[in-house]
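The values are calculated or read from the model by the stated rules, or taken from the named source; none is laboratory data. Please read these numbers as outputs of a predicted model, since none were measured by experiment. All Cβ positions, glycine included, derive from the backbone under ideal geometry; neighbour counts span all protein chains shown.
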Amino acid sequence: MLRRSAPSYQDHASFSRTMYRNTRNVSADSPPPPPRRRLGFLQKNNSLEERSRIVSSFKERSARNLMSCDNSGQETRYRRTETDFSNMYARDLLPAKNGEEPTMQFLLEVVDILTNYIRKTFDRSTKVLDFHHPHQLLEGMEGFNLELSDQPESLEQILVDCRDTLKYGVRTGHPRFFNQLSTGLDIVGLAGEWLTSTANTNMFTYEIAPVFVLMEQLTLKKMREIVGWRDGEGDGIFSPGGAISNMYSVMVARYKFFPEVKNKGMSVAPRLVLFTSEHSHYSIKKASAALGFGTENVILLSTDERGRVIPADLEAKVIAAKQKGYVPLYVNATAGTTVYGAFDPINEIADICEKYNIWLHVDGAWGGSLLMSRNHRHKLSGVERANSVTWNPHKMMGVPLQCSAILVRERGLLQGCNSLCAGYLFQPDKQYDVTYDTGDKAIQCGRHVDIFKFWLMWKAKGTIGFEHHIDKCLDLSMYLYNKIKNREGYKMVYDPQHTNVCFWYYPPSLRGLPEGEEKRERLHKVAPKIKAMMMESGTTMVGYQPQGDKVNFFRMVISNPAATRSDIDFLTQEIERLGHDL
Ligand SMILES: Cc1ncc(COP(=O)(O)O)c(C=O)c1O
């Protein structure tokens, strides 16, 4: 049996409340600061009458306790009070009779845990992670046990579980977390995610998600306008990630040229081949495997000295495939490759696709967001010629996971490719315009609401705010590049095009060694060792990998707007500190 101690949630709760008050320098009864920029919001959205109603409601709320909760329908407000949760259970919460007060107290405690976590995430003296090996977490930590139980556990334990789940996780919003393409903790995005979970609805029909469906349509149109399709024409859908968006692109391409595959299967099609860079994301191969093309029918394209597809190689391989009797169906051009951040030359690739009548997809999962920057959108020059585009706001734009869009230039293909008209959901005789029942375009049935947090962030930042965020991340990566490109002990893998900065670090003991296999082997071990020490000490996180014949190197990526030059300096100091004696 795994050990279960009896933690006192209250101890933690009162401690964290004190911390909260101390750091904010407010007492429990201090009013919150007045809402900022409210007139902009009011001017834009409300009639005069409505405005004055909202203003007085803001004022009223300002006069109340910071931790009070507005249950607006009933005008009931809850103040957080010391509550003993050790004898309370989920069954005591709503919809239980008299469950309202315990529910509100429980949720206010949860909010307290979350706000503490958020506050600490931006505090550089907090570790990025508190690393434990899997067996340690599985054995159970003090008061925290992953095993599921037959009997209900108290709400006190549930609160401990909430707190410890965050405690033993990784702070991906920390300014020194550089490990993944998706980083950051956007406060408005987070609010959007909370609201989304509260609404707990499903994107398949307008019937049950009217506001979210419209937001999705409007946002997709805006994204298509930014891609450069006339009047934002075309189609699209939010999907569970870039890999799935890429899969949609392959499905739609196949449907465009061989619609009968939908009903009859792949046996009615000739041998179809797909082309993609040797540096492209593995999801193209996965899509090929999942959709019955087979990974051997994905032809990898050679790249130049900066990791970009060589168009002549594409044309040669298209011709060679045709000579073998294969049918070139689809080319993927990557805008921002995963490791090097390379941008394939879309215009030249588009010329070849037009010449041979091949579907052109642009995988902009990572680099598509650069379209929002006037300084950097030229890197995707020609994107408007693509038949489809993947664009992940959950990477470079800092939208909380998950948020990825597949955009398709030709309207109707997504619907034709995927619709099965399930009678219990998509009744044609509903009282509203059923073209807003967009769920049948998806390969899923139920679909999570990914749009709201993104829409809300867009409202809160404006297009210009995203542009600023992207420019800032690119500036920071140039700062790193300029800092290390001639620094002793560093060697660049490629000159950066995106925020990816790929480099080797040579500890002093390797620097004098002659070039050769021994040096390569020792260098190969450096990045994993430094990374392991970083994780053990919890100070920062950055990725590494080998690529082709290149031994392990660091891949620094910046998408977190909280990061500053001092965090970049910190990263290089850590690498040098931890790697010095290797
Ligand atoms: C270029 C590229 N495409 C697609 C993907 C897959 O995106 P997701 O992780 O959202 O499925 C990634 C992920 O890193 C990527 O870098």
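Please work out if Val298 is buried (at least 16 other Cβ atoms within 10 Å of the Cβ), farther than 30 Å from Phe553 by Cβ and β-branched (Val, Ile, Thr).
no
Within segment 185-216, track down each residue that is surrounded by fewer than 17 Cβ atoms within 10 Å (Cβ to Cβ), of a type outside the set (A, V, I, L, M, F, W, C) and in a helix (DSSP H, G or I).
Hits for segment 185-216 are Ser197, Thr198, Pro210.
Can you name the residue in segment 142-153 that is surrounded by 18 or more Cβ atoms within 10 Å (Cβ to Cβ) and of a type outside the set (Phe, Trp, Tyr) and, of all such residues, is modelled with the lowest pLDDT?
Checking each candidate, the answer is Gly143.
If you go through segment 441-460, how many residues are crowded, with 19+ Cβ neighbours inside 10 Å and farther than 21 Å from Glu193 by Cα?
Residues that pass the stated criteria total 2.
Anything in segment 570-581 that is free of Cβ contacts under 8 Å to residues at least 60 places away in the same chain and within 26 Å of the chain's Cα centre (by Cα)? List them, or say none.
none
Residues of segment 480-527 being assigned to a loop (DSSP other than H, G, I, E, B), farther than 17 Å from Lys550 by Cα and of a type in the set (A, V, I, L, M, F, W, C), which ones?
Matches in segment 480-527: Leu513 only.
Picking from Ala333, Ala350, which residue would you name as being within 16 Å of the ligand (Cβ to nearest atom) and more than 18 Å from the chain's Cα centre (by Cα)?
One residue alone meets the criteria, Ala333.
Determine which single condition Phe466 fails, assuming it passes every other condition in (1) farther than 30 Å from Met215 by Cβ; (2) of a type in the set (Phe, Trp, Tyr); (3) crowded, with 20+ Cβ neighbours inside 10 Å.
So Phe466 meets the others, but not (1).
Go through segment 167-208 and give me each residue that's among the small types (Gly, Ala, Ser), within 19 Å of Met457 (Cβ to Cβ) and more than 16 Å from the ligand (Cβ to nearest atom).
Gly173, Ala191, Gly192, Ser197, Ala199
Any residue at all in segment 424-435 that is of a type outside the set (A, V, I, L, M, F, W, C), surrounded by 15 or more Cβ atoms within 10 Å (Cβ to Cβ) and not in a helix (DSSP H, G or I)?
Looking through segment 424-435, none of the residues is of a type outside the set (A, V, I, L, M, F, W, C), surrounded by 15 or more Cβ atoms within 10 Å (Cβ to Cβ) and not in a helix (DSSP H, G or I).
Any chance segment 81-89 includes a residue that's modelled with pLDDT of 95 or more and under 30 Å from the mean Cα position of the chain (by Cα)?
no
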